[in-house]
Amino acid sequence: MRNISYLPNISHWPIHYSAENLRQITDYHDLNLKHVQFHLLNDEDLRTINREHLNHDYYTDIITFPYNRGKNVSGEIFISIDRVRDNATDLKISLEEELSRVIFHGILHLCGLNDHSEIEKAQMRQAENHFLSILFHGEQKG
């Protein structure tokens, strides 16, 4: 993986969750959260990774590389801050909620969920919404 140096100033972003919130996702899937590294990039850098590593020449909000060993979840998650910001604006939701959704999306990929088919996309969205409801509303839905 090439070294990407772009890291926007996010110290003022109101993200209020911790590794415990991510661990809830892996625990739910009977997995162990070990090590996940997040990379916050711009659109062009993430598109380059998409092209070089996945042979996809388009913008995306997230790319996940799993390094899992058995039930131990590890990996790298690359996020386009530009896409997250634009998606939040388009969806009329907070930047915090959209960034949380994308982070949870990456963790769910590391847990084995996919989003290739319409059924898988619906299952992924349902799982994202489940964990977002816990984070933002303290709800424990089944």
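General remarks:
- Amide H partners (placed H, <5 Å) of H39, local residues excluded: I77, F78, I79
- Surrounding net charge for G70, when Lys and Arg each add one and Asp and Glu each subtract one, Cβ distance under 13 Å: +2
- Taking a ≥ b ≥ c as the square roots of the eigenvalues of the alpha carbon gyration tensor, the stretch 18-99 is oblate, as a/c is not under 1.5 and a/b does not beat b/c.
- Going from the fewest other Cβ atoms within 10 Å to the most, the residues L95, L41 appear in the order L95, L41.
- Sequence-distant aspartates and glutamates (8 or more away, or on other chains) whose Cα lies within less than 17 Å of K121: D61, E98
- Cross-link reach is defined here as a Cα-Cα straight distance under 20 Å, omitting same-chain residues fewer than 8 places apart; for K71 the aspartates and glutamates meeting it are E20, D27, D30.
Every number in this text was worked out from the coordinates using simple rules, so none of it is lab data. The structure presented is a predicted model; accordingly, all values stated were derived computationally and were not measured. Cβ: placed from backbone, ideal geometry, glycine included. Neighbour counts: every protein chain shown.
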